[in-house]
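Everything below concerns the one structure shown next.
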Amino acid sequence: MNFLQVVFILTSAVTLGAAVMVVTSHRMIRAALWLVLALFGVAILFALLQAGFFAVVQVVVYIGAIAILVIFAVMLTRHAMQDEGAQVNRGWWAAVLVALGTFAGLAFLLLNWAGIGSSLGELSADEARKLIPQMGQALVSADAYVLPFEVASVLLLAALIGAIYIAREKNPQV
Amino acid sequence: MTVEWFRDPVNFITNWLNQFLLGWGLPAGVVAFLMNLIGAGLVATGAMLFCILLIWYERKLYGRIQDRLGPNRVGPWGIFQPFADMLKIFAKEYITPRGADVIPYNLAPILAVAAVLLIWAVIPFYNGAAGANLNTGALYIIAVGGLGELAIILAGIASNNKYALLGGFRAIALLLSYEVPMVLALLVPVLLARSMGMNDIVQAQGDVWYIVMAPIAAFIFFLTSVAEVGRAPFDIIEAESEIVAGFNIEYSGLKFGMFYVGEFLHAFTVSVLFAILFLGGWRGPFVDQVPVLGAVWLLVKTGVTYFLIILLRGSMPRYRTDQTMSLAWKILTPLALAVLVLTAILDKALVGSSDLVRGLALVGMNLVVWFIASRLSQASYRRSHPVEPPIGHAPVINPLVDEIGGVLE
């Protein structure tokens, strides 16, 4: 077991522990802070895989934007200091099903992937530099991932409209 | 050998130490780890120590702007004043308020300083001397900035104090708002240099600095950086006269000192970033012969920017919260978006032409955008602030003023 593997195991343990704390923590603010730790762990995992770009994007998008907005929203809408509520609602079994289904699907996909058993190779700086433009082109090229990319955008748009609908003030006169 | 040492001391020492440690029979991985550890320690400690001098410089200058002497008792020109302050703050008591969330409460000051120090990892001091020449440098700087916001949030929530929470709200609202135009403005040099690496951006400014080619982006970046630091005129987040001190109200001793040092260091760090992104970083005469001279040029350019920030702090009144918000969302963000999109289109359209044509086109585009934006903002200001005579009595017409068309109210 080399040094990187030790770091990997420690990071994974912290990430998973933090993720468990996100769903078991009673206070919403605490849960959000644990979420930050879990996301940071994922960023470290990306860095261990020599995917520096992803590590940085993970921190920018998930910690710098999403987690901070979540905390900000909780601070604005709840009593941040003493908010303690029930942790599950009636739909918990559906969430469990979806989570298990996603995990099974991901595990299935990864096990069928050819690269699952291969060890990490060293990337030269030149190769690493070429990877990011390649990924950018793959995201907008019709042969590669343009469809999943656009579907994800539509999903986000739907979530946005849904959030506006839920948050809109109900006006009985109209 | 002596000449080599003089030209590029950092790499000379690095190579020497590397050979020395490898000569001991340590494995290459351990040596690399040790070298990174030493480098990180040196950069972080150097930045912190530099901050002591910076506090003296700023207080002295700030005093002069207000027609005072500034610190003048301890040592020549009061230069040892920050050391006295430092010793005092070391000796102060730590107070943890009742009901505080202990871990986030203590984590916040550390994170506040760390977020600033982390930026120093990607700063190229001169050609070939940077902590880490990341090819995602610009993105890294944005990411690290997010950690600073996290520190303020933590301080606000964990202090168990209404003032701290309110101050945290204000701070986060301001920081989040100004991050949007800042990132957009930061993308313009990235676009022009075709790289996110800091050293690449400096190297791309060989002929002309980006403050000439992208003046609006430079202006927006400068303003938003000042706002991100929380300096006047954007110091509403810790308006002493209104909300005591904002998010850091419950902190005492060195924990408060960390926030204080973090703020000073942040102001200096954004000056360094501005110098790198828009003023050509380490570029200057004779850097090709003596690379280490680049550090001097960088320091000079940073000093000029920092001087401007202090001057702004000393001479501008404080914006209200609604004014800072409308400046960020109604003026800076659309302006930054327009400049970014137009720069992208223009740069792509002129990809084959000479550097002169490209530069002139970019400058012209910036002037046109600036003209349109100033006309639009003036028109909207006139619409929202119509000049009306006072209600209830007819306007007093002064015959003398009437001749030149003026109406006294």
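Right, B:ALA155: touching an Asp or Glu at 6+ places or on another chain (Cβ under 7 Å) and surrounded by 23 or more Cβ atoms within 10 Å (Cβ to Cβ) or not? Criteria not met by B:ALA155. Just one of the listed residues (B:GLY281, B:GLY314) is at positive phi and either within 18 Å of the chain's Cα centre (by Cα) or modelled with pLDDT of 85 or more (or both), namely B:GLY281. Looking only at residues of the stretch A:41-57 that are at the interface with chain B (Cβ under 9 Å from one of its Cβ atoms) and of a type in the set (A, V, I, L, M, F, W, C), we find that the one that is farthest from B:GLY137 (Cα to Cα) is A:ALA43. If a residue must be under 27 Å from the mean Cα position of the chain (by Cα) and among the basic types (Lys, Arg), how many such residues does the stretch B:63-85 contain? Adding up the residues that qualify gives 2. So which pairs qualify, if the first residue must be in the stretch A:58-76 and touching a residue at least 40 places away in the same chain (Cβ under 8 Å) and farther than 10 Å from B:ALA143 by Cβ, the second must be of a type outside the set (Gly, Ala, Ser) and part of a helix (DSSP H, G or I), the Cβ gap must be under 6 Å, and the two must be at least 6 apart or on different chains? Filtered contacts from the stretch A:58-76: A:ILE71/B:ILE153; A:VAL74/A:MET28; A:VAL74/A:ILE29.
A:LEU123 meets the conditions (1) within 30 Å of B:GLY137 (Cα to Cα); (2) assigned to a helix (DSSP H, G or I) in every case but one. The failed one is (2). Considering only residues in the stretch A:70-81 that are more than 7 Å from chain B (Cβ to nearest Cβ) and under 19 Å from A:ALA18 (Cβ atoms), the one that is modelled with the highest pLDDT turns out to be A:VAL70.
Table: residues versus (1) in contact with a helix residue (DSSP H, G or I) (Cβ under 6 Å, 6 or more places away or on another chain); (2) at the interface with chain A (Cβ under 7 Å from one of its Cβ atoms); (3) among the β-branched types (Val, Ile, Thr).
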{"position": "B:ALA129", "(1), (2), (3)": "yes, no, no"}
{"position": "B:TYR140", "(1), (2), (3)": "yes, yes, no"}
{"position": "B:LYS162", "(1), (2), (3)": "no, no, no"}
{"position": "B:ALA173", "(1), (2), (3)": "no, no, no"}
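The residue that is surrounded by the fewest Cβ atoms within 10 Å (Cβ to Cβ), counting only those in the stretch A:17-40 that are closer than 30 Å to B:SER195 by Cβ and more than 7 Å from chain B (Cβ to nearest Cβ), is A:LEU39. When the stretch A:17-36 is filtered for residues that are within 26 Å of A:GLN50 (Cα to Cα) and without any contact (Cβ under 8 Å) to a residue 12 or more places away in the chain, only A:GLY17 remains. Residue count for the stretch B:233-255 satisfying the condition of being modelled with pLDDT of 80 or more, surrounded by fewer than 19 Cβ atoms within 10 Å (Cβ to Cβ) and part of a helix (DSSP H, G or I): 2. Quick one: A:PHE103 ticks every box in (1) away from every other protein chain (no Cβ under 14 Å); (2) modelled with pLDDT under 85; (3) more than 30 Å from B:ALA171 (Cα to Cα) except a single one, so which number is it? Unmet for A:PHE103, out of (1) away from every other protein chain (no Cβ under 14 Å); (2) modelled with pLDDT under 85; (3) more than 30 Å from B:ALA171 (Cα to Cα): (2). Filtered by the rule that a residue be of a type in the set (S, T, N, Q) and not in a helix (DSSP H, G or I), the stretch A:133-168 gives a lone residue, A:SER141. Scanning the stretch B:102-122 for residues that are within 11 Å of chain A (Cβ to nearest Cβ) and surrounded by fewer than 19 Cβ atoms within 10 Å (Cβ to Cβ), we see that the one that is farthest from the chain's Cα centre (by Cα) is B:ILE103.
Listed conditions (1) within 16 Å of the chain's Cα centre (by Cα); (2) within 14 Å of chain A (Cβ to nearest Cβ) are all met by B:GLY168, apart from (1).
The values are calculated or read from the model by the stated rules, or taken from the named source; none is laboratory data. These figures come from a predicted structure and were not determined experimentally. So basically every Cβ, Gly included, is an ideal-geometry build from the backbone, and we count neighbours across all protein chains shown.
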